[in-house]
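Heads up: the structure comes next, in structure tokens.
The values are calculated or read from the model by the stated rules, or taken from the named source; none is laboratory data. For clarity, every value in this text was computed on a predicted model and none was experimentally measured. Ideal geometry is used to build each Cβ from the backbone, glycine not excepted, and the neighbour counts take in all protein chains shown.
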Amino acid sequence: MSARSLRRTAAMCALLVAATGLTACSGLTPGGGASSATPSGPVSTALPTGKATLTIASSENAGTTKALAAAFHAKHPNITVDFQYTGVDDYNKSLNLKLSSDNPPDLALLNKLGTTVKANLIRSLDPYVQAYGWDAKYPSTQLDQWRASGDGKQLGTGHLWAGPAGFSVVGVYYNKELAAKLGLGVPAGRAMFDAALTKAKAGGVLPVQLGNLQGHSSFIVQSIADSVDGAAKTSDWVNGNAGSTIKTSGGSDGANTLAAWAKQGYLPDGANGTDLAGSVAEFTKGKGLFLFDGSWDAQTIDKALHGKVGFLPFPGVDGKATGIGTSVAYAIPAKAKNPDLAAAFLDFMNTPEAAQIQFSTGFLPVAHADTVKADAGNVMNDIAQAWSRVNQDNGLVNFFANTGATMNDTLTSQSQQLIGGKIGPDAYLDALQNAWTKDHQ
């Protein structure tokens, strides 16, 4: 698997829902009832003064963790970091055995929070949150994606089980050349965005490029719902909080907008038969003013349209930035021999030095996004600015598909029918809510 493919896999866990209901990356699905794994004594932020080894087990091959490990060792020469890579399929199959062994790693890339919590295989990071002040260093929406109750049944709240190592975010790419020909500036609000679509259609330009073979129109619906309802409300729905519903002002706006765009010809013909990669390819050929997509495709898009493409969070009505996204993250096994050292490495991930490493290897930084830079004209600079805005406004929301085992299939099938005119927005929302209820009852 290439580095770019790994980043796509890590970022798009929303589209990889397993039969168990655990996503391939965030894994925030309810597990069974077990007590929390907690440290047996007080924790310390002091680093070893003598020689020490920190072992890290991972399936991440984008180079991010290895580069972070090298930087950590350079800063603390007495500490050797043993990075143990395993291919993603084998890693997922063997993770629980590795965590439960008598010689577990000190840190492990977390792929399945539910099962690891259920089996009491990882420790709560709550003491380290307090010791390092992580709740003040991170936007709450970053950490909340890795919180769950001690039995794993309630997501987005409770104990912290993993520390983020790098994020991906969904926003809107736009073709600067097409915008200039149409006399359009960067839309600063929803009204300007909608007006740009109307002007593009009138000018013979496809307003929105889309591949919906795998349900990626959910990026459009969720971007609108997040921006209208706010990150906290939509996160409640993604996390399965009792009483939550997608049948809100934002959800209705998103569903009605997708249906209207299809009817008005704002989307490409054959969108339901095109996958995400196909829509990216079409966008890079100049077919489409806007594209709702994630940062994982920035390299491909920038290579074809260097200096000619921009990126922005979907413009909401209240000026606050929201973004769909999640992270790769590391947990400390319950049996780890060096938990304090492992926590120190997690804390290193939110430093300015770590931010540039995360950014340079294809992820968005955990913190200090305002300090990272790519070469002039690279769309990653716009993405970093958008990511910084999302964090400032505490606007990160996990993918809709991550709410449960059946949601991705429902999003795909129902959106295809909505775009095809076979169902209406209300039926689409009813189907999503029914799937949500099934997953969380």
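The table for this structure:
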quantity	calculated
Single match in 70, 62 (criterion: of a type in the set (Gly, Ala, Ser) and either within 19 Å of residue 333 (Cα to Cα) or touching a residue at least 60 places away in the same chain (Cβ under 8 Å) (or both))	62
Residue 294 buried (at least 21 other Cβ atoms within 10 Å of the Cβ), without any contact (Cβ under 8 Å) to a residue 60 or more places away in the chain and not charged (D, E, K, R)	no
Total residues in the stretch 304-363, condition closer than 30 Å to residue 121 by Cα and assigned to a helix (DSSP H, G or I)	14
Some residue of the stretch 263-275 being assigned to a helix (DSSP H, G or I) and within 24 Å of residue 386 (Cβ to Cβ)	no
Residue 96 vs. criteria part of a helix (DSSP H, G or I) and under 21 Å from the mean Cα position of the chain (by Cα)	no
Condition broken by residue 152, with the remaining ones in (1) modelled with pLDDT of 90 or more; (2) crowded, with 18+ Cβ neighbours inside 10 Å satisfied	(1)
Every pair of residues 6+ apart whose Cβ atoms lie under 9 Å, when the first sits in the stretch 243-271 and is in contact (Cβ under 8 Å) with a residue 60 or more places away in the chain while the second is assigned to a helix (DSSP H, G or I) and of a type in the set (Lys, Arg)	244/233; 264/201; 265/201; 266/201
For residue 63: the one exception among (1) on the phi > 0 side of the Ramachandran plot; (2) at pLDDT 95 or above	(2)
In the stretch 72-126, the residues that are of a type in the set (Lys, Arg) and either more than 27 Å from residue 45 (Cβ to Cβ) or in contact with a helix residue (DSSP H, G or I) (Cβ under 7 Å, 6 or more places away or on another chain) (or both)	93, 112, 118, 123
Every residue from the stretch 364-382 that is within 19 Å of residue 145 (Cβ to Cβ), in contact (Cβ under 8 Å) with a residue 60 or more places away in the chain and out of contact with any Lys or Arg (no Cβ under 7 Å at 6 or more places or on another chain)	364, 365, 366
Residue match in the stretch 410-429 (condition: aromatic (Phe, Trp, Tyr), surrounded by 17 or more Cβ atoms within 10 Å (Cβ to Cβ) and closer than 29 Å to residue 130 by Cα)	no
Any chance residue 370 is surrounded by fewer than 22 Cβ atoms within 10 Å (Cβ to Cβ), assigned to a helix (DSSP H, G or I), at pLDDT below 95 and charged (D, E, K, R)	yes
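Okay, residues lined up against (1) closer than 30 Å to residue 373 by Cα; (2) in the same structural domain as residue 368 (by TED's automatic domain parsing); (3) in a helix (DSSP H, G or I):
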position	(1), (2), (3)
387	yes, no, yes
391	yes, no, yes
405	no, no, no
416	no, no, yes
422	no, no, no
430	no, no, yes
434	no, no, yes
